[in-house]
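Heads up, the thing below is written out as structure tokens.
Every read-out reported here was derived from the displayed coordinates using simple, explicitly stated rules and does not represent laboratory data. Just so it is clear, the structure is predicted and the values come from calculations on it, not from any experiment. FYI the Cβ positions are ideal-geometry reconstructions off the backbone, even for glycines, and counts take in every protein chain you see.
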Amino acid sequence: MAEITFRHAEEKDCALILSFIKGLAEYEKMGDQVVATEDLLREWIFEKKKAEVIFPCVDGKEAGFALFFHNFSTFLGRAGVYLEDLFILPEFRGHGVGKATLKELARIAVERGCGRLEWWCLDWNRPSIDFYLSLGAVPMDEWTTYRVTGDTLKKLAQD
């Protein structure tokens with residue numbers, strides 16, 4: 001495998017970002033749940049600056065993407081980096097691209113003075129879980145994720 005380089009996404013990359021999102025959704029058996037559009041990505045990533053995207057590149061070709069944003073830890077008193085999505089194209093898996101991408105995200109977090117890098121992983125995704133454990137990641141088993149969306153979110157906002 002050739003050298004892995006990274007580049008930050010630009011506004012012109014919205015179609016590419018969306019294609020990686022759809023690829024990830026298919027892998028996670030949730031393809032029918034993607035409602036994102038290029039316009040929404042342009043608005044939220046590039047205009048409102050609510051997230052960032054980096055591409056790991058092999059021989060100049062984007063091999064995947066990582067979408068991340070800052071969160072905040074009150075206990076640490078500083079920001080962290082939350083990795084929302086990491087997706088590597090199948091032909092690049094097993095060649096160090098995923099590991100290099102997480103290392104790049106860790107480098108970004110450290111460079112920015114962040115206190116942590118964190119992400120979620122689906123319980124059934126054993127290959128990813130094993131990979132994350134091999135890097136020293138620790139599962140947060142004592143935490144349960146809660147979410148409100150759609151009509152429930154709107155109702156909560158109105159009540």
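When every alpha-carbon pair in the chain is counted, what percent end up more than 25 Å apart?
It works out to 35 percent of all Cα pairs.
When only C-alpha pairs under 8 Å and at least 6 residues apart count, what is the relative contact order of the chain, in percent? Don't jump to the answer; show the numbers that get you there.
Values: 176 pairs, mean separation 27.7, N = 159.
Contact order relative to length: 17 percent.
Just want the ordering: Glu28, Glu3, Glu91, Glu62, from fewest to most Cβ atoms lying within 10 Å of their own Cβ. Please list the in-between numbers first.
On the way: Glu28 14, Glu3 8, Glu91 11, Glu62 19.
Fewest-to-most Cβ neighbours within 10 Å comes out as Glu3, Glu91, Glu28, Glu62.
Around Asp85, which amide H atoms from residues at least 5 apart in sequence, or from another chain, sit under 5 Å from its own amide H, with H modelled in the peptide plane?
Residues meeting the criterion, in which the H sits 1.01 Å from N, are Leu67.
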